[in-house]
Amino acid sequence: MMMREGQATAIHRQDYAPPAYWIDTVELTFDLDPAKTRVLNKMRLRRNPQVPAQALRLDGEELNLARVLVNGAGTSFKMDGGQLVLENLPEGDEPFELEIFTTCAPDKNTQLSGLYVSEGTFFTQCEAQGFRRITYFLDRPDVMATYSVLLRADKAAYPVLLSNGNLVESGELEDGRHFARWHDPHRKPSYLFALVAGKLVAREQKIKSRSGAEHLLQVWVRAGDLHKTEHAMNSLMASIAWDEARFGLPLDLERFMIVATSDFNMGAMENKGLNIFNTKYVLASPATATDTDFAHIESVVGHEYFHNWTGNRVTCRDWFQLSLKEGLTVFRDQEFSMDMAGSPSARAVKRIEDVRVLRTVQFPEDAGPQAHPVRPDSYVEINNFYTVTIYEKGAEVVRMQHNLVGREGFARGMKLYFERHDGQAVTCDDFAQAMADANPDSELARRLDQFKRWYSQAGTPRVRAEGSYDAQSQIYTLTLSQSCAPTPGQPDKQPFVIPVALGLLAPDGRALPLQLEGEPEAGATERTVVLAEARQSLRFVNVPEPPVPSLLRGFSAPVLLECDYSDEDLLLMLAHDGDAFNRWEAGQRLMLRAALRQLGADDSKPAGPLLPPALVEALRAVLNHPQLDPAFKDLVLTVPSETYIAEQLDEVDPQRIHALREAMRLELATALRGDWAAAWEAHRDTGAYRPDPLSAGRRALAGTALAMLCLAACQEGDPVWPGKAYQRFKDAGNMTDRFNALSALVVCGHELAQPALERFHALFRGDALVIDKWFALQASAPDRGGRALPAVRQLMQHPDFQLRNPNRARSVVFSYCNANPGGFHRADGAGYAFWAEQVLALDALNPQVAARLARSLDRWARLAEPYRAAARAAIERVAGHDGLSNDVREVVTRALG
Ligand code: PHE
Ligand code: ZN
C-alpha cells in the first residue's frame with residue numbers, strides 16, 4: 001500500500017489568489033536511474049509585488065529532500081502538509097536563486113503521474129499536478145517560467161534523451177553515461193514540462209511553413225513499431241496545415257515531437273514541443289488498426305497539436321478554467337476532422353458521432369451525482385474533473401459561440417483572443433469576452449452575461465416546442481420554452497441562451513422559405529433563432545400548409561428537445577429532412593418511441609412486433625437508398641444505445657432494457673434480411689485499404705450487415721452466414737473487416753467464435769493494442785445465462801492480463817462494467833461486487849484510473865430493485881475502505897450524495 005497524505009478538502013474557485021512569488025527561470029538537472037533519480041532544481045524567483053509579503057510554499061509529493069540553498073547558502077525551512085515552506089527569504093523585490101536537490105523512485109511509480117518507467121523508458125506526466133512529484137515547485141498553471149533541462153543517463157540503456165524545446169548540446173560522460181541539454185524558449189507552466197529517455201526510434205519529416213520557416217517533425221516509438229507511424233505523421237502534417245489555414249496559427253517551434261508509450265492514464269498530453277501519447281493514439285497499420293482507430297489517431301494528434309496555441313501559448317489561470325483549453329481544443333479537433341472528411345454528408349456523420357458521445361456519456365453525467373458546471377466551483381481532486389462535461393459540453397459551448405457569431409466572426413474572435421492574451425494564463429470569461437468584443441453586433445455580444453450561464457450552471461436544459469397552424473391566416477406559431485432540472489448545489493436555474501437552428505417542411509417534404517411576422521419578404525429555408533426567455537413564440541407568415549418543424553438542426557445546442565411529433569411527422573423527416581442530423585434524429589426518435597412504448601407496457605412479452613411496420617419500411621428505404629452515404633445509413637440503422645434508452649426513464653431496469661434492445665435488433669435483422677444481404681454484397685469490397693471516411697463508411701455498413709445476418713442466422717440455426725463470417729475473418733485484408741467478422745461471431749454466440757478467438761490471439765500475440773481489442777471484445781460480449789462475469793474473471797487469469805497497465809485494465813474491467821450492461825447488472829449483485837473489488841485493487845496501484853472505474857455506478861439511484869440496493873451496498877463497501885485515495889473518495893462520496 002502506498003502512503004496517503006491526509007484527507008484533502010475541497011478547493012473553491014472563489015478562493016483564487018495570485019501567487020506570492022514568480023518563478024522566471026528553471027534549470028533542471030536529472031541523473032536518471034529507475035530506482036533513484038536525482039533532481040537538481042535551480043530557480044530564479046522574485047516576490048510578486050502585488051501580493052502582501054509572505055512565506056514561499058512549494059508543492060511536493062513523494063519526494064526525498066536532500067538540500068535547499070538560497071543564493072548559494074544553506075537556509076532554514078519547514079515542512080507543512082507536504083509543502084516545503086521557506087520563511088527567511090531575502091527581503092525586497094530583487095530576484096534570488098533557490099536550489100533544491102531531491103530524489104524520487106520512478107520504478108515505484110505505478111500512478112503514472114510525475115516521472116515513471118514504462119517498458120524500460122522514462123516518461124513524465126505533469127498535468128495536472130505531476131510536476132510536484134518530480135521536484136518542489138509552485139505547481140500551478142499561472143506560474144510560467146523558462147526551462148533549461150540537462151539530462152544524464154546510461155547511454156546503452158537510454159540512448160535517446162528528450163525534453164521540451166530545442167536540443168542545445170549533447171555528448172559523452174564517464175562510465176558509459178551521456179547527456180543532452182535542452183532549452184525551451186517559450187515560457188510555460190509546470191504542467192507542460194516533459195522528458196523522455198530510453199530506446200526509441202523516430203520517423204522524421206522536414207516541413208516548411210507558409211512563412212518559409214523550416215521545422216523538424218518526429219514521431220518516436222519502440223524499434224518494431226516504426227512502420228505504424230505513417231498515419232500519425234500524416235495527421236500531424238495535416239493538423240499543422242489546417243491550423244495555419246483556418247486560424248492563421250503557425251507552428252512556433254523548430255522541432256515538434258510526438259512520443260508513444262504503452263503505459264498512459266489518458267489519451268495523450270500536449271507538453272510543449274514534446275507531446276506524449278498513449279500508443280493507442282499513435283500506432284496504426286491496416287493489418288492491426290481499425291477505421292475507428294485511424295480516425296481517433298487523426299483527431300487526437302490534431303487535438304494535442306492544436307493545444308500548442310489553445311492551452312500552451314494561452315493557458316489557464318487555474319484548474320477551474322480547464323475547459324478554456326479543453327472545450328476550445330475539442331471544438332477545434334472536431335472542426336478539423338470535419339474539414340478533413342470533406343463532403344457535407346461526411347461532416348454530418350462526424351457531427352452525429354460527436355453528439356452520440358455527448359448524449360450517452362455527458363447527459364448522464366449532467367443528470368447524475370457528479371454533475372458540475374463547465375467551469376466548476378469546487379473540487380477535491382482535480383484529476384476527477386477531466387470529464388465529458390469539461391471536454392465535450394465545453395466544446396458545445398464554444399460551438400454555440402461559433403454559431404452565434406458565424407465562421408468569420410469566430411476567426412476574428414480567436415484573433416483578438418491571441419492579441420490580448422498570448423503568453424498569459426487566463427479565464428473562460430476572457431475567451432467569451434474576446435469573442436463578443438470582436439463581434440459587437442452579434443447576439444453573443446448583446447447577451448454575453450446571460451450566455452455565460454452555460455459556464456456556471458450545470459444540467460442539461462430541456463426545450464419544449466409546440467406548434468399550431470392557422471389555415472385561415474396561413475400563420476404557423478411555434479412556441480419554445482425552456483427549463484433545467486436542479487443539480488447538486490444548484491436548485492434553481494436561470495434561462496440559458498439557446499441557439500435553435502430550424503426549418504419547416506411542407507407535407508410533401510419540401511423545405512419552406514421562412515418569413516417571420518414583420519419581415520418584408522421570405523428568406524432562406526433555414527435560420528437560427530435564439531431562445532433566451534423561459535418562453536417565447538415565433539410567428540411564421542405565408543405558410544401555405546401545416547408544416548413539420550425541423551428543430552435544433554445539426555444539434556445547434558446541447559439540450560433535450562421535446563416536441564409532440566406524430567409518427568408520420570417523424571417518417572417525413574426521416575425521408576426528406578434537408579438536415580442530415582435531423583434525418584438521423586427522426587429515425588432515432590421513432591426507434592426510441594417503440595422502445596419506450598414497450599417498456600411502459602405492463603406485459604414484458606410484446607403481442608406483435610416492437611418496430612411498427614412503417615418504420616421498418618422507412619429503414620429499409622434508407623438502407624437501399626441509391627444516394628445516401630453508407631456511413632450515414634449505418635448510423636440510421638443503429639438502434640439507440642441502452643444507456644440512451646435508460647436516460648429517458650425515471651426507474652431503470654437494465655435487464656429489461658437489454659432484452660428489449662436485443663429483441664429490436666433481432667427484428668431489424670430478420671425483417672431486412674434480404675436488404676442486409678444486398679448491402680453486404682454491395683459494400684464488402686473496398687479495394688486497397690485507405691482510412692478515408694467514404695471507404696470506412698462502406699466497411700462499417702458491410703460489418704453491420706454481416707453482424708445482422710449472423711444474428712438472424714444464429715436465431716434459426718442456419719450455418720451459412722456464420723460460415724461466411726468465419727471465412728471473412730480468415731481472409732480479411734485489414735483489421736476493420738477482420739474484427740467486424742470476429743465480433744459478428746462473438747456477438748451472435750456462434751460456436752465458430754471460439755476457434756476464431758484462438759486464431760486471432762495466435763496471430764497477434766505480440767501486439768498489445770490488438771490483444772486489448774481481443775480482451776475488450778470478450779469482456780463486452782453479450783451475457784448468456786450469467787456467464788459473462790465468470791468469463792471476465794477467467795480473462796483476468798490469462799497470462800497476458802495485467803491490472804497495472806491502464807489500457808489492459810480498461811480492455812477487460814472497464815469493458816465489462818461500462819460496455820456490457822446485460823452482463824454487469826446482475827440481479828444477484830455479483831457484477832457490482834466485482835466492480836467494488838476492482839476499484840479497490842486499482843486504487844492501490846493507480847488512483848486516477850480507479851476513480852474513472854468508480855464512475856460506473858454514478859446512476860445507481862435510478863436503478864430498479866434489486867439492482868439499486870445491491871449497487872448502493874457495493875458503493876458503500878468502497879466508501880468504507882480505509883486508505884482510499886482522494887480521487888476515489890471524492891467520487892463515491894458524491895455518488896452516495
Ligand atoms: N490535457 C490532455 C488532453 O486533453 C489530457 C490529459 C490530462 C492527459 C491529464 C494526461 C493527464 O489533451
Ligand atoms: Zn486536451
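The values are calculated or read from the model by the stated rules, or taken from the named source; none is laboratory data. Keep in mind it's a predicted model, so treat the numbers as computed, not measured. Cβ atoms come from the backbone with ideal geometry, glycine included; neighbour counts cover every protein chain shown.
General remarks:
- The single condition among (1) at pLDDT 95 or above; (2) more than 30 Å from Arg152 (Cβ to Cβ) that Arg255 does not satisfy is (2).
- Any hit, region 17-27, residues being without any contact (Cβ under 8 Å) to a residue 12 or more places away in the chain, under 30 Å from Tyr455 (Cα atoms), within 32 Å of the chain's Cα centre (by Cα) and loosely packed, with under 15 Cβ neighbours inside 10 Å: no
- Residues satisfying the stated conditions in region 520-577, i.e. assigned to a helix (DSSP H, G or I) and out of contact with any Cys (no Cβ under 9 Å at 6 or more places or on another chain): Asp567, Glu568, Leu570, Leu571, Leu572, Met573, Leu574, Ala575, His576
- Note on region 307-345: among residues that are within 15 Å of ligand 2 (Cβ to nearest atom) and over 25 Å from Pro189 (Cβ atoms), the one that is nearest to the chain's Cα centre (by Cα) is Gln334.
- Flag set for Asn271, criterion: modelled with pLDDT of 95 or more, more than 30 Å from Phe739 (Cβ to Cβ), within 14 Å of ligand 1 (Cβ to nearest atom) and crowded, with 23+ Cβ neighbours inside 10 Å.
- Considering residues of region 354-392 that are in contact with a Phe, Trp or Tyr (Cβ under 8 Å, 6 or more places away or on another chain) and assigned to a loop (DSSP other than H, G, I, E, B) only, the residue nearest to ligand 2 (Cβ to nearest atom): Val374
- Residue within region 301-313 that is under 30 Å from Asp767 (Cα atoms), of a type in the set (A, V, I, L, M) and either within 14 Å of ligand 1 (Cβ to nearest atom) or touching a residue at least 60 places away in the same chain (Cβ under 8 Å) (or both) present: yes
- Here Asp252, Asp263, Asp243 are screened, and the one residue that is more than 29 Å from Asp31 (Cβ to Cβ), within 16 Å of ligand 1 (Cβ to nearest atom) and not aliphatic (A, V, I, L, M) is Asp243.
- Selection over region 92-136 of residues that are hydrophobic (A, V, I, L, M, F, W, C) and within 16 Å of ligand 1 (Cβ to nearest atom) gives a count of 7.
- Qualifying residue in region 336-344 (condition: within 16 Å of ligand 1 (Cβ to nearest atom) and in a helix (DSSP H, G or I)): yes
- Residues (part of a helix (DSSP H, G or I) and either without any contact (Cβ under 8 Å) to a residue 24 or more places away in the chain or closer than 20 Å to Ala586 by Cα (or both)) located in region 640-658: Glu642, Thr643, Tyr644, Ile645, Ala646, Glu647
- Where Tyr476 falls short, out of the listed (1) in contact with a Lys or Arg (Cβ under 8 Å, 6 or more places away or on another chain); (2) crowded, with 16+ Cβ neighbours inside 10 Å; (3) under 21 Å from Ala557 (Cβ atoms): (3)
- Any hit, region 6-18, residues being at pLDDT 95 or above, within 24 Å of Ala180 (Cβ to Cβ) and not β-branched (Val, Ile, Thr): no
- Single residue of region 375-399 satisfying the filter (surrounded by fewer than 22 Cβ atoms within 10 Å (Cβ to Cβ) and away from ligand 1 (no atom under 16 Å from the Cβ)) that is nearest to Glu890 (Cα to Cα): Val380
- Which numbered condition Glu298 fails, given (1) on the phi > 0 side of the Ramachandran plot; (2) within 16 Å of ligand 1 (Cβ to nearest atom): (1)
- Which listed residue, of Ile352, Ile382, Ile390, is within 14 Å of the chain's Cα centre (by Cα) and touching a residue at least 24 places away in the same chain (Cβ under 8 Å): Ile390
- Residue match in region 243-264 (condition: out of contact with any strand residue (DSSP E or B) (no Cβ under 9 Å at 6 or more places or on another chain) and within 29 Å of Thr686 (Cβ to Cβ)): no
- Test: residue in region 528-535 that is touching a His at 6+ places or on another chain (Cβ under 9 Å) and modelled with pLDDT of 95 or more: no
- Unmet criterion (only one of (1) assigned to a loop (DSSP other than H, G, I, E, B); (2) farther than 22 Å from Ala844 by Cα) for Leu151: (1)
- Qualifying residue in region 143-158 (condition: within 16 Å of ligand 2 (Cβ to nearest atom), crowded, with 20+ Cβ neighbours inside 10 Å and closer than 25 Å to Thr310 by Cβ): no
- Any chance Ala827 is among the hydrophobic types (A, V, I, L, M, F, W, C) and in a helix (DSSP H, G or I): no
- Taking first residues from region 465-477 that are closer than 11 Å to Ser537 by Cα and partners that are of a type in the set (A, V, I, L, M) and outside any strand (DSSP E or B), the Cβ contacts under 8 Å between residues at least 6 apart in sequence or on separate chains come to Tyr476/Val543.
- Residue ranges of helices (runs of 4 or more DSSP H) in region 720-794 with at least 3 members closer than 30 Å to Gly829 by Cβ: 735-748, 753-763, 768-779
- Qualifying residue in region 473-481 (condition: touching a helix residue (DSSP H, G or I) at 6+ places or on another chain (Cβ under 7 Å), hydroxyl-bearing (Ser, Thr, Tyr) and within 25 Å of Gln401 (Cβ to Cβ)): no
- Selected residue (criterion: farthest from Asp184 (Cα to Cα)) from residues of region 263-298 that are away from ligand 2 (no atom under 11 Å from the Cβ) and small (Gly, Ala, Ser): Ala287
- Inspection of region 837-851 finds a residue satisfying the criterion of being within 24 Å of Gly368 (Cα to Cα), of a type outside the set (Asp, Glu) and surrounded by fewer than 20 Cβ atoms within 10 Å (Cβ to Cβ).
- For region 482-495, the condition of being in contact with a Cys (Cβ under 9 Å, 6 or more places away or on another chain) and within 16 Å of ligand 1 (Cβ to nearest atom) holds for none of the residues.
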